[in-house]
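Undergrad: Have a look at this one.
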Amino acid sequence: MEAEFSNLEPETAYCAKAEILNSDGSYYLHENWKFETLSFEPKPMRFVIMGDSRSANGGGDHNVQGLNQKAIEKFFNLAYRSGARFVVFPGDLIDGYTSDLIKLKQSFRTFHRASSHHRHEMPLFAGMGNHESFIHRFPAPKNGPKPWKGSNFTLPQTSPYVEEVFAEELVSPLNGPEPEADGLPPYKENVYSFVMNGVGFIMLNSNYWYCSDPETLGGNLEGYIMDKQLSWLNQAVLEMHQNKNIKHILYFIHEPIFPNSVHQADAMWFNGGLPEKNGGFDRSYVITRRNQVLQAISQSPKSRAVFHGHEHNYSKTLIPANEEMGVTHPLWQIVSGGLGSPYYAQIKDVPWADQVKVFNWSENFIVLDSDETSIRLEAFDGYGNSIDTQDLMEI
Ligand SMILES: [Fe+2]
């Protein structure tokens, strides 16, 4: 259920209450909720970033209807106790990869149940990952083309698209681009931007219209930002750059630009796009598009960091200025996929290995403190121990 509040003022405290109509005509009065709006102008603010709460090994409450309920409860409590005003979560909330719509919706409901204790005061801004998926899966025909990975083809379900389910189940800004073409999935509520206390936030969808074998079947490769989303990104960065009230710009994309762990064969890398490592397909177009995403971000020196999930660990990678890639302003890549999904170790066989400054495979979440002149990060493990600190304006 969604309720709309209109004409809210910045920096104002509000109270809300819900009355629920019982079948006998009586009303049940829910507890009062309170929340406080933030400002468009630069002011001190604390918020939290976390990702990847899909189910883990171990059974019990590590896997409740496709998610790690135990970790979600724990980390939302830790986020609230840190004093965060809101949470940004770039994807893989749930297991997904299902053809059962009821099961898919139940996973989202379970996520809400595990995280809802504080969300009326500490809102959630979520994005889509590869696990937010609703699919058809079918084996390769005997004498037909073969899937590039595994033995099954995976196509998106179209009624509804998972992007539509995501928009129904979560509440996010509506300022995303139009679909890539008529009849393709919507971007509304899975690609969006917003401004809080002088910080610009841009959420992308690196898993739009996912298909396992787009060169054979159509659809879109995971990790690939299609044309309309890219041009929306370019425009969003320019607008934030020109907005004098915005002092820092942060980006959220589920699949890493520079994967440092088990996702060398996907994300925005696909083993460099080499045909011999991609079932014979030349996927250098993935690298070209990755560089165009970096160039879009690089339009503003206010771009401080790109945050990802997908890899279940914490890593901090320097993205230096690089003429070939079109990066004119160095910035940080932070991966925080630590909300209870199975742990992944580091893989160092990548061209950017020397730029990885921290790698930690604990459960983790990130607390950020911003104001007009600074933006500082501290990452914590599941016991509240600090595992990294970084002033994002220092390179
Ligand atoms: Fe993922």
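The values are calculated or read from the model by the stated rules, or taken from the named source; none is laboratory data. In this text the structure is predicted, and so the values were computed from the model without any measurement. Here the Cβ positions follow ideal geometry from the backbone for every residue, glycine too, while neighbour counts run over all protein chains shown.
Undergrad: Just to confirm my filter: which strands (runs of 3 or more DSSP E) fall fully inside the range 265-372 and include at least 2 residues that are buried (at least 18 other Cβ atoms within 10 Å of the Cβ), touching a residue at least 40 places away in the same chain (Cβ under 8 Å) and under 19 Å from the mean Cα position of the chain (by Cα)?
TA: Counting at least 2 such residues, we get 303-308, 314-319, 331-336, 364-370.
Undergrad: Here are some conditions: (1) more than 16 Å from the ligand (Cβ to nearest atom); (2) among the β-branched types (Val, Ile, Thr); (3) closer than 19 Å to Asn260 by Cα. Ile334 meets all but one. Which one does it not meet?
TA: The failed condition is (1).
Undergrad: Right, Ile253: away from the ligand (no atom under 14 Å from the Cβ) and crowded, with 17+ Cβ neighbours inside 10 Å or not?
TA: No, not satisfied.
Undergrad: If you check Gly183 against the conditions, is it without any contact (Cβ under 8 Å) to a residue 12 or more places away in the chain and either touching a Ser or Thr at 6+ places or on another chain (Cβ under 9 Å) or among the hydrophobic types (A, V, I, L, M, F, W, C) (or both)?
TA: yes
Undergrad: Looking at Ser55, Ser26, Ser39, Ser133, which one is touching a Pro at 6+ places or on another chain (Cβ under 9 Å) and either acidic (Asp, Glu) or away from the ligand (no atom under 16 Å from the Cβ) (or both)?
TA: Criteria check complete, one pass: Ser39.
Undergrad: A further question follows. Somewhere in the range 154-172, is a residue within 30 Å of Glu11 (Cα to Cα), touching a Ser or Thr at 6+ places or on another chain (Cβ under 7 Å) and more than 16 Å from the ligand (Cβ to nearest atom)?
TA: No, the conditions are met nowhere in the range 154-172.
Undergrad: Only one of these is touching a helix residue (DSSP H, G or I) at 6+ places or on another chain (Cβ under 9 Å) and modelled with pLDDT of 95 or more: Ser315, Ser298, Ser374. Name it.
TA: Ser298
Undergrad: OK, next. So if I check each of Val350, Val356, which one is closer than 19 Å to Arg290 by Cα and touching a Pro at 6+ places or on another chain (Cβ under 8 Å)?
TA: Result: Val350 is the single residue among Val350, Val356 that is closer than 19 Å to Arg290 by Cα and touching a Pro at 6+ places or on another chain (Cβ under 8 Å).
Undergrad: May I ask you to list the residues in the range 187-226 that are more than 16 Å from the ligand (Cβ to nearest atom), of a type in the set (Val, Ile, Thr) and either closer than 24 Å to Leu124 by Cβ or crowded, with 19+ Cβ neighbours inside 10 Å (or both)?
TA: If the condition is that a residue be more than 16 Å from the ligand (Cβ to nearest atom), of a type in the set (Val, Ile, Thr) and either closer than 24 Å to Leu124 by Cβ or crowded, with 19+ Cβ neighbours inside 10 Å (or both), then Val191, Val195, Val199, Ile202 are the ones that fit.
Undergrad: Right, another one. I need a count of the residues in the range 268-316 that are closer than 29 Å to Ile246 by Cα, within 16 Å of the ligand (Cβ to nearest atom) and out of contact with any strand residue (DSSP E or B) (no Cβ under 7 Å at 6 or more places or on another chain).
TA: 2
Undergrad: Still on this model: Inspect all residues belonging to the range 12-34 and state whether any of them is buried (at least 18 other Cβ atoms within 10 Å of the Cβ), part of a strand (DSSP E or B) and touching a Leu at 6+ places or on another chain (Cβ under 9 Å).
TA: No, the range 12-34 has no match at all.
Undergrad: Can you tell me which of (1) away from the ligand (no atom under 16 Å from the Cβ); (2) more than 17 Å from the chain's Cα centre (by Cα) is the one Leu124 doesn't meet?
TA: Just one mismatch for Leu124, condition (2).
Undergrad: Same structure, new question: May I ask you to list the residues in the range 165-186 that are surrounded by 20 or more Cβ atoms within 10 Å (Cβ to Cβ), aliphatic (A, V, I, L, M) and in a loop (DSSP other than H, G, I, E, B)?
TA: Once the filter is applied, which keeps residues that are surrounded by 20 or more Cβ atoms within 10 Å (Cβ to Cβ), aliphatic (A, V, I, L, M) and in a loop (DSSP other than H, G, I, E, B), the range 165-186 yields only Leu170.
Undergrad: Mind listing just one residue for me: the one in the range 187-244 that is among the aromatic types (Phe, Trp, Tyr) and outside any loop (DSSP other than H, G, I, E, B) and, of those, farthest from His263 (Cα to Cα)?
TA: Within the range 187-244, the match that is farthest from His263 (Cα to Cα) is Phe194.
Undergrad: Please specify each residue of the range 241-250 satisfying the condition of being surrounded by fewer than 23 Cβ atoms within 10 Å (Cβ to Cβ) and of a type outside the set (Lys, Arg).
TA: Result: His241, Gln242, Asn243, Asn245, Ile246.
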